[in-house]
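Here, each number is a calculation from the coordinates, and none is a lab measurement. Just so it is clear, the model here is predicted, and its values are computed rather than measured. For neighbour counting, all protein chains shown are included, and Cβ atoms are generated from backbone atoms with ideal geometry for every residue, glycine included.
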Amino acid sequence: MVASLDDVKNRIKSRVPLDQLIGETVTLVRRGSSITACCPFHAEKSPSFHVYPDNHYYCFGCKESGDAITFVRKTREMSFIESLKFLATKYGIEAPELEESDALKRRRGEQATLSQMMVAAQDLFTSELKSPRGEEARAYLRERGFTEENITKFGFGLTPAEGFGLVKHLRGLGFRDDDMIRASLAAVSAKSGRSYDFFRDRIMIPIRDAQGRVIAFGGRTTVQDPAKYKNSGATPLFDKSSVLFGIDEAREAVKDKRCAIIVEGYMDALSLWQAGVQEVVASMGTALTVRQLKLLSQQTKTPEAIMLFDGDNAGQKATLAAIDVVLEMPELRVKAAKLEGNEDPDTFVRNHGVDALREILSKSVDLIDVAIGSKLVGANTSAIPTIVSQDFVPWLMKIQDPVKRGYLVTKISSLTGVPAEVIHRQLRSFNLSAPRTGAWASRATIDRSIPVEAAPAIPSRALTPVEKGILGHLYFAAPGEIDAGKVESFMARELPLEPLWHLFGRQMLKSHANGLSPAQDPALLASFSPEEMAPLEGITGMSPELFATKDRNRSLDRLIIEQKRQNIQQAIALLKRQVQIAATQSPDQVPSFLSEVMALTQSLTALEREISSENSP
């Protein structure tokens with residue numbers, strides 16, 4: 001069986017001597033069980049870059065981290081596959097999976113065939129629109145405001161009169177029915193088993209990729225059909241969650257304006273192009289995805305995007321649903337502009353003109369503010385706590401990243417007046433009262449002594465080096481070797497662990513309280529389900545030598561101080577963002593936020609002095 005790419009990646013990571021690889025770039029110095037250096041990713045005078053025995057690196061200064069593959073990608077600006085090939089060649093690691101297989105060559109050949117077929121289909125559609133029978137469709141497009149020039153430029157077309165006209169045309173060019181079906185240009189009749197056109201009685205719009213190649217079609221019905229618009233199905237060329245309609249046409253305008261306008265439908269985009277608003281792309285009715293935003297960012301380097309969805313309830317819900325996606329793209333500022341009533345961008349620009357649209361766009365605000373504000377508009381002061389409990393807390397529970405969740409808690413707190421700690425307390429309560437399934441339910445059958453309410457969800461992220469260090473020292477510490485009370489207080493108040501890791505930490509503290517090392521306590525791991533054990537092996541499966549130390553408490557103190565430093569840095573970053581928001585929305589709050597920033601900065605300076613003192617010989 002051919003190994004997966006993950007197998008190749010793990011094989012290369014395990015065989016590459018990371019210290020040797022990094023040592024070709026910077027001078028390494030061995031200190032105990034780790035190796036240090038001045039970071040290759042940022043300028044510094046004292047080393048904060050560490051290379052660990054488990055083949056990963058971490059910089060306590062700039063927070064860069066990764067493995068051999070990550071290091072090569074960042075220092076040599078190579079792609080993932082290029083990095084694998086480079087390391088395999090450099091260290092003589094066999095990786096035949098990286099060679100282009102016959103199957104891959106076959107797939108590329110199939111895609112080339114489908115691409116040729118899409119071009120042939122587009123040619124037929126455009127010729128049908130230009131024929132005498134296309135006059136009615138052209139008249140409809142002119143009524144929608146499209147000029148003859150743009151009807152041609154945008155690639156509008158028309159399906160053939162016969163319900164199998166495209167199939168017959170493509171057969172005549174030598175294409176097979178199976179390929180037509182694979183390209184979503186044909187379907188098979190359940191009655192006769194014969195192929196017929198997937199699109200019938202429709203004005204056609206080509207959907208192109210970022211390189212301008214036709215990869216799919218959209219069709220607007222010309223007859224009475226419940227489905228006013230119909231898109232190609234998923235094909236080897238087309239996955240609508242990865243495509244932005246018009247990215248090829250709008251790219252240069254977006255670069256020039258340094259802002260993209262994202263609409264829902266391709267007719268909205270086409271109508272705005274016709275009106276002279278060129279920096280527009282469309283999500284084609286699907287919920288906005290991370291892949292679409294990454295495509296936009298990669299193709300245009302724009303720092304900002306404005307979502308201009310329909311003014312109806314569905315459009316507003318689509319805008320709010322994009323928040324989780326936007327949080328995954330912090331480098332792209334996403335704002336939202338609201339259309340009133342049931343108007344969409346197409347009807348709005350035709351009814352009110354470009355100047356009115358530009359006015360709407362100029363009033364766009366950050367998407368997160370729109371989401372939170374939409375729930376608070378018109379609410380009585382007495383109703384705000386209920387809105388926080390019933391609307392915001394369940395929404396916050398869906399956001400797994402603790403930093404992103406913490407940012408939103410701060411934002412909601414500033415806008416509602418509900419203290420952030422109260423919201424965090426409700427989140428913990430919500431988490432404990434949620435229905436239990438999977439690993440939650442399995443715990444009840446494994447250990448009845450631990451209430452079901454204590455059962456945590458599987459972690460959504462890897463431990464940071466500091467978190468791993470604290471838990472590792474706690475796990476391998478001998479009885480009486482640590483100040484358990486201090487560690488317990490710190491974990492409860494300042495260590496941002498996910499629930500499973502928090503439970504693991506509390507259970508280890510119980511082992512210490514019973515006079516046992518957690519690593520030697522058979523009851524510790526028996527309290528976790530097999531599903532929960534998998535992530536816990538990230539600690540329990542490590543070598544005790546990685547945590548060997550002459551002074552366990554001092555090692556823990558250093559890690560605790562570093563975690564506090566990171567917490568303060570995150571809090572300062574969040575407050576600075578609040579200052580930016582308050583400057584435009586609530587200027588009277590700016591002095592308060594700045595005062596908090598100054599106080600935290602002073603605390604950070606004191607901690608950094610303490611870290612410097614701890615690290616000195």
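When exposed loop sites are taken as GluC sites (Glu not before Pro) in a DSSP loop with at most 11 other Cβ atoms within 10 Å, the longest stretch of the chain clear of them is 341-617. For segment 140-209, the equivalent ellipsoid derived from the Cα gyration tensor has semi-axes of 27, 13, 10 Å, listed largest first.
Beta bridges assigned by DSSP with both partners in the chain are antiparallel in approximately 75 percent of cases. Taking Cα atoms only, the orientation of helix 402-416 departs from the longest principal axis of the chain by about 80 degrees. Roughly how tilted is helix 5-15, in degrees to the nearest 10 and between 0 and 90, from the longest Cα axis of the chain? Roughly 30 degrees between the two axes. Computed over the alpha-carbon atoms, segment 242-372 gives an Rg to Rh ratio of 0.92, Rh here being the Kirkwood radius from the mean inverse distance. In the chain, helical runs assigned H by DSSP with n ≥ 4 each contribute -39500 (n - 2.57); averaged across all residues and rounded to the nearest 500, the mean residue ellipticity at 222 nm is -16000 deg cm²/dmol. Distant-in-sequence amide contacts of Glu343, defined by a placed amide H-H separation under 5 Å and a gap of 5 or more residues or a different chain, comprise Gly311.
Can you list the lysines whose alpha carbon sits under 23 Å from that of Lys257, skipping same-chain ones fewer than 8 residues off? By straight Cα distance, Lys257 reaches Lys153, Lys294, Lys301, Lys335, Lys338, Lys363. Using only the alpha-carbon atoms, how far is helix 499-513 inclined from the longest principal axis of the chain? Give it as 0 to 90 degrees, nearest 10. Relative to the chain, helix 499-513 is tipped by roughly 10 degrees. Of the trypsin sites (Lys or Arg not before Pro) found in segment 170-203, the ones in coil according to DSSP and having at most 15 other Cβ atoms within 10 Å of their Cβ are Arg176, Lys191, Arg194.
Partners of Lys63 within straight-line reach, counting lysines whose Cα lies under 21 Å from its Cα and excluding those fewer than 8 residues away in the same chain: Lys13, Lys45, Lys74, Lys404, Lys468, Lys564, Lys576. Computed from backbone phi, the HN-Hα couplings of segment 133-140 come to 6, x, 4, 5, 5, 5, 5, 4 Hz, rounded to whole numbers (Karplus: 6.51 cos²θ - 1.76 cosθ + 1.60, θ = phi - 60°; Gly and Pro given as x). Cross-link reach is defined here as a Cα-Cα straight distance under 15 Å, omitting same-chain residues fewer than 8 places apart; for Lys255 the aspartates and glutamates meeting it are Glu279, Glu304.
Reported value for segment 5-98: 91 Å³ per residue, from the convex hull of its C-alpha atoms.
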